[in-house]
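This report refers to the structure that appears directly beneath it.
Just so it is clear, none of the values below were taken in a lab; they were calculated from the coordinates. Owing to the predicted nature of the structure, the values given are computational and were not obtained by experimental measurement. No Cβ is skipped: glycine too gets one built from the backbone with ideal geometry, and neighbour counts run over all protein chains shown.
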Amino acid sequence: MTAQNIAAADGTGDARLDGADDAGDDRLDGDVLLRATDVTKHYLLRADGLARRRRVLRAVDGVSLEVRAGETLGIVGESGCGKSTLGRCLVRLTELTGGRVDFDGQDISTLSMRRLRPVRPGMQLVFQDPQASLNPRRRAGDIVAEPLLVHRYGDGAAVRRRVAELFDVVGLAAGHLDRYPHEFSGGQRQRIGIARALATNPKLIVADEPVSALDVSIQAQVLNLFADLQEEFALTYVFIAHDLGVVRHVSDRIAVMYLGEIVELAETEALYEAPHHPYTQALLSAVPDIDDGDAVADGPPRERIVLTGEVPNPVDKPTGCPFRTRCPYARELCALERPRLTPTGNGRRTACHYPLTTA
Ligand SMILES: Nc1ncnc2c1ncn2[C@@H]1O[C@H](COP(=O)(O)OP(=O)(O)O)[C@@H](O)[C@H]1O
Ligand SMILES: [Mg+2]
């Protein structure tokens, strides 16, 4: 097939070049709480003067992953690669363009809004910027109570008791129930967001860059809170971040995203020790070695690769491998064929024609 052919096939939008489910020889142990199968989210952009046809922005472009009950799956990638969109697809805060999402044994991607309603309390989202995601005109106690009222938790007294309990659980003072968001610090505001997410006793929390907007000194406290809550309430996390520094400390496994696709998915330590995808290698090159003085510094010296050029526009994705335009190892095949996410050893999957398995 010529490059032109592939571009044409690719241009049809949902013509998938790669398979849906690569589980095959690396079956997961443990129960799978969440499974995404070939999820796509394409935005139709408004036609403007130059482009007569409406153009398609492929924000999420064929993502398959599983999240085991009780684990934390980190999702990393540069800004704009589709992390937030994927996160919203996973809890169906946005409609999928294609593919499906199974949560707790049920396909939630096709449920009617009415049938989705009883499922919603089980999956919650924590947002990046607590300042922007909390209603500034409502008191903290009311913000946390809102999901309880929506899901008819109980009478007024029961709701008040539950809110007080949640304040305690996330380390907020009971005396602060009546304060407004602006009266709290950034870290405290994120605690309000977490309390609100916990209110309905979810099984799954998708945390979308929950510490990115916080001072570095506060980040560790909030990350520790996430860890404590996971243990206490047997929570399952999808934890989104734009750099590998933060997710490393909280994730059991990590999915690396590039231009709407997962390019590598691996156990955290294995990924840091030896990335199999050139993009992962590039991201790791950007994380300082000294970090906290352990494994990274002790591991074999890493080859540094510095990313050149811009991330391509997701409206005009490169043919073949999405990373090939910035990849130092790209060869002819990379422009011709889109690499599938395939097992490259130790339960890891990599979407690369020439994975760095011998590096
Ligand atoms: N509602 C929308 N309409 C059109 N494009 C969108 C919309 N939301 C996100 N995008 C685009 O989708 C891509 C992925 O965005 P996003 O999921 O926010 O990435 P990330 O969270 O990784 O920064 C970006 O190119 C962004 O501009
Ligand atoms: Mg985002």
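Of note:
- Amide proton proximity set for GLY62, modelled H, under 5 Å, gap of 5+: VAL39, THR40, LYS41
- Label-point gap, in nm, between GLU183 and THR308 - each point 7 angstrom along Cα→Cβ: 5.6 nm
- Compactness ratio for the chain: Cα radius of gyration over 2.2 N^0.38 Å (N = residue count) comes to 1.03.
- Rounded Å value of the spacing that divides the Cα centres of the stretch 232-291 and the stretch 123-139: 26 Å
- Over the residues of the chain, the helix contribution to mean residue ellipticity at 222 nm works out to -8500 deg cm²/dmol, using -39500 (n - 2.57) for each DSSP H run of at least 4.
- Rounded to whole Hz, the Karplus (6.51, -1.76, 1.60) HN-Hα couplings of the stretch 251-261, x for glycine and proline: 9, 7, 9, 9, 10, 9, 10, 8, 6, x, 10
- Full extension of the chain segment joining ALA234 with ALA286 gains 15.4 nm, where the gain is 0.36 nm per residue of separation less the Cα-Cα distance.
- Among beta bridges that DSSP assigns inside the chain, antiparallel share in %, nearest 5: 60 percent
- 3J(HN,Hα) couplings calculated from phi for the stretch 142-147 with the Karplus curve 6.51 cos²θ - 1.76 cosθ + 1.60 (θ = phi - 60°) are, in sequence order, 6, 5, 6, 6, 3, x Hz; Gly and Pro show x.
- Think of the chain as a dipole: +1 on every Lys or Arg Cβ, -1 on every Asp or Glu Cβ, centred on the Cα centre; then among LEU44, GLY98, LEU336, LEU44 lies furthest on the positive end.
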